[in-house]
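Some notes on the structure that comes next.
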Amino acid sequence: MTPASRGPAPAGDGPAGARAAETDSAPAQTEAPSADPTLQPLRSAAEALQRPLTEPQIALLSGYLALLLRWNATYNLTAIRDPQAMVAQHLVDCLAAVAALERRPGFGPGCRILDAGSGGGLPGLVLAALHPEWQVTCIDTVGKKVAFVRQAAGTLGLGNLQAVQGRLGPWRGGPFNLVTARAFASLADLARWTDPVLVRGGVWMAMKGHVPEAEIDALPAEIEVFHVEPLQVPGLDAQRCLVWMRRRRDTGPA
């Protein structure tokens, strides 16, 4: 994920930014890889979350993992190198958030989702792979990471996923029903940078570790946290939670 300390990073969605991401060289092999036995823990975790995965979904996540491992050998997409650790700390972690999102009403076909500071495509690519009826945009400032997400979307046939190189704040995509972010920025910065692209009545879903009490206290008065949802991530001995936020004015009469 893009470090929170960087501040709003260039969301250059213009020709120069697009050329930079598209011309980053990719590892030569691009065919979809076959299923990987290291994904058995993913199947078990999905059952534990009561969110079983279909074989086509397993194949997509297996293909993503293989691409991530291959690119990570050349580019620093994630500090995690071990495939089993990637399954637990990346895929299962995101699957737990997907399961929570699926339990919440209002995110039907055509839902538009922004993954802010997406890095190597987490959680955006997982959301797109498991829900082809959702339209997912991953935005990051780093050209190689954006190029990877584009390559993964093309290789895996995810027509509902797009990757943008740009700076949150100046960038004006969307609008989106949901803005999510994983280990990216403070809650106040996330809300400030993405408020212009969130629809009226839209919500933020921030993936965090410990409950960020200080960040919640620092939110501006116009943003409210309406739910902090603890997550149990199978196979991961660490605290995780989702912080759900919305604009206070959106809860009143139109």
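Is it true that some residue in region 55-63 is surrounded by fewer than 18 Cβ atoms within 10 Å (Cβ to Cβ), over 23 Å from Gly159 (Cα atoms) and either at pLDDT below 90 or out of contact with any Gly (no Cβ under 8 Å at 6 or more places or on another chain) (or both)? No, region 55-63 contains no residue that is surrounded by fewer than 18 Cβ atoms within 10 Å (Cβ to Cβ), over 23 Å from Gly159 (Cα atoms) and either at pLDDT below 90 or out of contact with any Gly (no Cβ under 8 Å at 6 or more places or on another chain) (or both).
If you go through region 81-98 and keep only what is of a type in the set (Gly, Ala, Ser) and modelled with pLDDT under 95, you end up with Ala85, Ala88. Exactly one of these conditions fails for Asp115: (1) of a type in the set (D, E, K, R); (2) modelled with pLDDT of 95 or more; (3) more than 30 Å from Gly202 (Cα to Cα). Give me its number. Unmet condition: (3).
From the set of residues in region 140-163 that are in contact (Cβ under 8 Å) with a residue 40 or more places away in the chain and touching a Phe, Trp or Tyr at 6+ places or on another chain (Cβ under 7 Å), which is surrounded by the fewest Cβ atoms within 10 Å (Cβ to Cβ)? Here the answer is Lys144. Screening Ala183 with (1) surrounded by fewer than 20 Cβ atoms within 10 Å (Cβ to Cβ); (2) free of Cβ contacts under 8 Å to residues at least 60 places away in the same chain; (3) in contact with a Lys or Arg (Cβ under 9 Å, 6 or more places away or on another chain); (4) closer than 25 Å to Ala88 by Cα gives one miss only, at (2). Considering every residue within region 188-198, establish whether at least one is farther than 30 Å from Ser62 by Cα, within 19 Å of the chain's Cα centre (by Cα) and of a type in the set (S, T, N, Q). Looking for residues that are farther than 30 Å from Ser62 by Cα, within 19 Å of the chain's Cα centre (by Cα) and of a type in the set (S, T, N, Q), one finds at least one in region 188-198, hence yes.
Any residue that is under 25 Å from Asp195 (Cα atoms) and of a type outside the set (D, E, K, R) - is there at least one of those in region 80-94? The answer is yes, given that some residue of region 80-94 is under 25 Å from Asp195 (Cα atoms) and of a type outside the set (D, E, K, R). Among the residues making up region 38-54, those that are of a type in the set (Ser, Thr, Tyr) and surrounded by 13 or more Cβ atoms within 10 Å (Cβ to Cβ) are Thr38, Ser44.
Being surrounded by 16 or more Cβ atoms within 10 Å (Cβ to Cβ) and either among the β-branched types (Val, Ile, Thr) or touching a helix residue (DSSP H, G or I) at 6+ places or on another chain (Cβ under 6 Å) (or both) holds for only one residue in Leu190, Leu178, Leu242, and it is Leu242.
Restrict the check to region 120-136 and report whether at least one residue is touching a residue at least 40 places away in the same chain (Cβ under 8 Å), among the hydrophobic types (A, V, I, L, M, F, W, C) and over 17 Å from Leu68 (Cβ atoms). Checking region 120-136: not a single residue is touching a residue at least 40 places away in the same chain (Cβ under 8 Å), among the hydrophobic types (A, V, I, L, M, F, W, C) and over 17 Å from Leu68 (Cβ atoms).
For region 146-165, what are the residues that are of a type outside the set (A, V, I, L, M) and in a strand (DSSP E or B)? Those that are of a type outside the set (A, V, I, L, M) and in a strand (DSSP E or B): Gln162, Gln165.
The values are calculated or read from the model by the stated rules, or taken from the named source; none is laboratory data. Since the model is a prediction, treat every value here as computed from it, not as a measurement. Cβ coordinates were reconstructed from backbone atoms using ideal geometry, including for glycine residues, and neighbour counts include every protein chain displayed.
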